[in-house]
1. At least 3 residues that are at positive phi in each: list the strands (runs of 3 or more DSSP E) lying fully within the range 310-371 that qualify.
2. List the pairs whose first member sits in the range 216-235 and is within 15 Å of Gly386 (Cβ to Cβ), whose second member is surrounded by fewer than 13 Cβ atoms within 10 Å (Cβ to Cβ), and whose Cβ atoms are under 6 Å apart, counting only residues at least 6 apart or on separate chains?
3. Looking at the range 308-332, I want the residues that are among the aliphatic types (A, V, I, L, M) and have a partner that is assigned to a helix (DSSP H, G or I) and near ligand 1 (Cβ under 9 Å from one of its atoms) with Cβ atoms under 6 Å, at least 6 apart or on another chain. Which pairs are those?
4. For the range 284-302, what are the residues that are open to solvent by 20 Å² or more (accessible area, probe 1.4 Å), within 15 Å of ligand 1 (Cβ to nearest atom) and touching a helix residue (DSSP H, G or I) at 6+ places or on another chain (Cβ under 8 Å)?
5. Here are the criteria: (1) open to solvent by 30 Å² or more (accessible area, probe 1.4 Å); (2) within 24 Å of Thr27 (Cβ to Cβ). Tell me which single one Arg373 does not satisfy.
6. When only residues in the range 192-220 that are open to solvent by 70 Å² or more (accessible area, probe 1.4 Å) and closer than 25 Å to Phe236 by Cβ count, which is nearest to ligand 1 (Cβ to nearest atom)?
7. For the range 23-43, does any single residue satisfy the condition of being at pLDDT below 85, more than 36 Å from the chain's Cα centre (by Cα) and not β-branched (Val, Ile, Thr)?
8. Of the numbered conditions (1) over 30 Å from Arg41 (Cα atoms); (2) buried (at least 19 other Cβ atoms within 10 Å of the Cβ); (3) away from ligand 2 (no atom under 15 Å from the Cβ), Leu257 satisfies every one except a single condition; which is it?
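The values are calculated or read from the model by the stated rules, or taken from the named source; none is laboratory data. Quick caveat: nothing in here was measured; it's all calculated off a predicted structure. Here Cβ is always computed from backbone atoms with ideal geometry, including for glycine, and neighbour counts include all displayed protein chains. To get the accessible areas, we keep the full protein, side chains included, count just its heavy atoms, and leave off ligands, DNA and RNA. Shrake-Rupley method; radii C 1.70, N 1.55, O 1.52, S 1.80 Å.
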Amino acid sequence: MNQNRPDIAPPPLKNDCFALPAGVYWTPVDEALSLLRQRLRPVTGIETLPLSQGLGRVLAQDATARRSNPPLPNTAVDGYGFAGGFPEGAHVLPLADGRAAAGIPYEGVVPAGQALRVLTGAALPDGVDTVILEEDVTLSGGHIAFRGPLKRGANTRKAGEDVVAGDTVLPAGRRLTPADLALLSAVGLAELQVRSPLRVAVLSTGDELVEPGQEAGPGQIYDANRPMLLAMAERFGFQAVDMGRVADDRGALKARLDEAADRADVILTSGGASAGDEDHVSALLREAGAMQEWRIALKPGRPLALGVWNGTPVFGLPGNPVAAMVCTLVFARPAMGLLAGEGWSDPQGFDLPAAFEKRKKPGRREFLRGRVRDGRVEVFRSEGSGRISGLSWAEGLVEIGDDARHIRPGDPVRFIPYASFGL
Ligand code: AMP
Ligand code: MG
């Protein structure tokens with residue numbers, strides 16, 4: 001034997017080397033989510049904005065209709081209006097002078113037994129509660145002729161049939177869509193009380209990381225998580241704050257966390273969140289007495305380090321880009337939504353037939369990178385959590401429940417498009 005080589009043997013293989021750690025409780029995904037949901041509150045301020053700047057903002061208060069929609073009964077079609085319905089058979093009515101158009105009401109009263117020309121959107125004049133479509137009428141000699149039956153109220157819209165003044169049209173916490181702006185405008189709201197955007201600081205950690213554009217030495221890799229996480233924060237409707245990259249150096253990391261806590265409402269770090277020698281994010285949070293190691297029964301995903309730094313919540317995400325993205329979508333996104341003043345949101349998934357086969361063990365929820373082609377869900381060829389190309393190949397995640405499953409082609413699987421997460 002070589003003199004310098006110590007006489008040591010590798011550890012024996014353990015029987016349970018593929019099992020989840022015995023005696024250690026792995027929190028189910030749903031339990032972790034409900035903890036976040038119970039504990040987090042809005043942290044953002046409130047501002048007043050004109051409606052035109054409201055897209056993507058979060059309502060700070062319920063929005064109440066100032067006006068009904070429609071405000072008055074009106075005609076839904078171009079045609080002729082009169083009072084009452086008509087039985088089966090042919091009917092002839094004399095035409096009153098004038099007309100009613102959208103925005104140009106008819107000032108008089110339409111006498112019983114007469115008809116008035118009306119255009120779509122016109123308020124129904126006094127003496128009109130029913131309208132016949134112009135295509136169903138012959139017009140001649142100052143009269144209209146049409147065939148019944150026609151129900152009273154036909155082709156009209158009632159005042160407030162859509163929204164009644166005083167109704168809550170959108171709840172506090174709603175992130176405003178283009179359709180929401182239409183609704184708010186229609187019911188007379190010009191100014192909105194909204195939340196200031198949540199500021200999300202993003203920080204990468206690791207001695208191995210270099211910036212795209214820099215020379216990468218052997219053993220170095222380009223920082224993939226930071227551009228991804230900054231872009232995700234933007235897509236979620238938050239304000240991304242780029243806090244750069246920090247080496248695995250506790251002092252430097254501490255200073256950068258101080259700065260991030262000053263500049264943002266929440267901090268996302270990636271890397272260094274486990275319990276290893278160079279896992280300084282978890283070590284610092286632990287030192288500060290504000291560290292929760294979240295061992296979640298989730299694949300992909302190593303422990304998440306959740307903590308609070310100078311009063312600012314920190315999500316210590318795993319370094320592997322796939323795990324970082326999945327953990328952000330599954331946990332950080334709804335959590336940040338609450339901090340931003342949004343309601344809690346579960347992503348909308350769809351059950352679709354699988355285009356793949358997979359056997360899954362019980363105990364952990366799994367998210368695979370997937371996409372839909374020809375109505376079937378495909379998954380990326382590798383589940384390796386460093387495979388960034390698969391994140392980009394995918395158009396969403398396939399969620400497989402906590403229990404054991406043997407999925408065969410054609411079996412339903414839950415597909416959650418990236419768009420359902422807000423990406
Ligand atoms: P860690 O969680 O720090 O142990 O990192 C786990 C793995 O993710 C390692 O292979 C890291 O090199 C890699 N990793 C960490 N941060 C990044 C990043 N920002 N971009 C790409 N890979 C990363
Ligand atoms: Mg690291």
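1. Working: elements: 312-317, 350-353, 358-360.
It comes to none.
2. Close Cβ pairs satisfying both conditions: Tyr222/Pro212.
3. Leu317/Ala324; Ala324/Asn225
4. Glu293, Trp294, Arg302
5. That leaves (2) as the condition not met.
6. Per the criteria, the residue is Pro212.
7. yes
8. (1)
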